[in-house]
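I have placed the structure first, in the form of structure tokens, so that the comments after it can refer back to it.
Where a number appears in this text, it was derived from the coordinates with a stated rule and is not lab data. Keep in mind that what you see is a predicted model, and the values were worked out from it rather than measured. A quick note on method: Cβ atoms are made from the backbone with ideal geometry, for glycine too, and the neighbour counts reach across all protein chains shown.
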Amino acid sequence: MICLANQENIGLKTHHCALIKAGDSMEPTIHDGDLLLVDTQANTIKDDAIYIVQADHHLVVKRVQQALDGSLIIISDNKRYENQTIGSDQVEKVKVAGRVR
């Protein structure tokens, strides 16, 4: 894994960094083909951040919010994609693989 960030500025450690290529679901915030720096140590949800989420053996780049009832709202910035809600009874099947920095 490679970490291209100045570690002192954003608090990342090289062994907790990964680079992945984005699709179009987060446009205009993140463009199709953009290379994303991911903090793989971040594995919990903090509202209105963009995460790499793993569900059903797929990795997706999405904005994730946790609702008061424990459910997760999976948000695409690209309006061509609908938001998805994962019920609190299904949240354990979703893994946060990292936070996009």
At 0.36 nm per residue, minus the direct Cα-Cα distance, what do Asn43 and Asn83 gain on full extension? Give it in nm, one decimal, please. 12.3 nm
With a 10 Å cut-off between alpha carbons and a GNM built on the chain, which of Gly23, Gly11, Gly87 moves the most? Gly11
Going by how many other Cβ atoms sit within 10 Å of their own, how do Glu27, Glu82 line up, fewest first? Glu82, Glu27
May I have the convex hull volume per residue, in Å³, for the Cα set of the chain? 103 Å³
Hey, fewest Cβ within 10 Å first, where do Tyr81, Tyr51 land in order? Tyr81, Tyr51
Count charges around Thr29 for me, please; just the other residues with Cβ under 13 Å from its Cβ, Lys/Arg as +1, Asp/Glu as -1. -3
